[in-house]
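Everything below concerns the one structure shown next.
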Amino acid sequence: MFSALLLSISVFRIPCAGALYYFALAHQPDFDVRWCKGPIGQTIFEPLVQHLKTLGVRVLGSRRVQDILPAKLINPGPTGSSPKTLATVLDPALPRVVAAQGPEGLTEHYDADVIVLAAGVPALQRLVMQSRVLASAEDLRGVLGVGCSDVLAVRLWLDQKLELRSSSNVVAGFDEGVGGTFFHLNELQDMYKSEPGSVIEFDLYHAESLLPLSDDAIITHLLQTYLAPALPRGLEQAKTLTVQDSSVLRVRNAVTRFSPGSHLLLPDIVTSIPNVFVAGDCVKQGPGAHGCKGLSQEKAY
């Protein structure tokens, strides 16, 4: 038996660009979010995984959770015989099995005495929709009413080293309903300090209207519309920039949109299912909630 931890990393959406400016720019020394000085996978998660393995934890990567099942639905065995799943001995009514798609595309089943849903809102919504046992819990079904929006994440390697007043910048008002940030990574991450040209990261939220554009159209738009106002010579300088390399990611429903009333829809850490718990940014804040109300946990009451 082992405790199943379903982990998903999701970015968060700031409902108000003014609030983001206040917390992220005007009060940068007090902000509780920092850019990692290197690749997050190499500097944080790989050492963490190795440490967990030394403690006897088995980490299963490259698997997508498909369903959470009661033990009695798995490995029933021949008619009249006892189920093969050990979890059935404990309580067949509780969710005891995690079904996941493995690296080869085959469905794998794992017994679990405790299940922790450490996932963002979009991933949690998918699990509740796919699992009858999770959908039976009213306190988990509420998350289906929480809105999400699309994200456009673009990283550009430029031929020139730019001089920007700030390494972290808030942008809004250029496209209807679209807001976000862009960062000068040469000043934020050690791995880019020696780059001959600037490396700029754009993260745009509520970017539904931009996702259908081609990569080239998106890059040109970002340089001439979003970056140009931050350059000493504005649009004239932006038009002289050459993109040496680029990465354009379009992610549907990647960001949580905490609209008025959404607080009531969020789950508590302890759910109505005795062996199912919820962790992460989507947990309802209040008595018994772990942690404080940071900007990434801002919720609309």
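The values are calculated or read from the model by the stated rules, or taken from the named source; none is laboratory data. In this text the structure is predicted, and so the values were computed from the model without any measurement. Here the Cβ positions follow ideal geometry from the backbone for every residue, glycine too, while neighbour counts run over all protein chains shown. Ligands, DNA and RNA are excluded from the accessible area calculation, which covers all protein heavy atoms including side chains. Shrake-Rupley method; radii C 1.70, N 1.55, O 1.52, S 1.80 Å.
To keep it simple, each residue is scored yes or no on (1) modelled with pLDDT under 95; (2) touching a strand residue (DSSP E or B) at 6+ places or on another chain (Cβ under 7 Å); (3) of a type in the set (Val, Ile, Thr); (4) under 30 Å from Ala112 (Cα atoms).
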{"residue": "Pro232", "(1), (2), (3), (4)": "yes, no, no, no"}
{"residue": "Ala238", "(1), (2), (3), (4)": "no, no, no, no"}
{"residue": "Val243", "(1), (2), (3), (4)": "no, yes, yes, no"}
{"residue": "Arg252", "(1), (2), (3), (4)": "yes, yes, no, no"}
{"residue": "Arg257", "(1), (2), (3), (4)": "yes, yes, no, no"}
{"residue": "Gly261", "(1), (2), (3), (4)": "yes, no, no, no"}
{"residue": "Leu264", "(1), (2), (3), (4)": "yes, no, no, yes"}
{"residue": "Ile269", "(1), (2), (3), (4)": "yes, yes, yes, yes"}
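The strands (runs of 3 or more DSSP E) found wholly in region 181-291 and carrying at least 2 residues that are over 30 Å from Leu127 (Cβ atoms) and open to solvent by 80 Å² or more (accessible area, probe 1.4 Å) occupy 243-257.
Filtered by the rule that a residue be on the phi < 0 side of the Ramachandran plot, of a type outside the set (A, V, I, L, M, F, W, C) and open to solvent by less than 80 Å² (accessible area, probe 1.4 Å), region 38-62 gives Gly38, Pro39, Gly41, Thr43, Pro47, Gly61. Remark: pairs (first residue in region 132-155, more than 20 Å from Gly261 (Cα to Cα); second residue surrounded by fewer than 16 Cβ atoms within 10 Å (Cβ to Cβ) and of a type in the set (Lys, Arg); Cβ separation under 9 Å; 6+ apart in sequence or on different chains) = Asp150/Arg252; Val151/Arg252.
Being hydroxyl-bearing (Ser, Thr, Tyr), in contact with a Ser or Thr (Cβ under 8 Å, 6 or more places away or on another chain) and either farther than 14 Å from Asp175 by Cα or without any contact (Cβ under 8 Å) to a residue 60 or more places away in the chain (or both) is a description that applies to Thr256. Here Phe31 meets each of (1) within 30 Å of Ser168 (Cβ to Cβ); (2) modelled with pLDDT under 85; (3) open to solvent by 60 Å² or more (accessible area, probe 1.4 Å) with one exception, condition (3). Residue count for region 75-108 under the criterion of being among the aliphatic types (A, V, I, L, M), in contact with a helix residue (DSSP H, G or I) (Cβ under 9 Å, 6 or more places away or on another chain), at pLDDT 50 or above and open to solvent by 10 Å² or more (accessible area, probe 1.4 Å): the result is 2.
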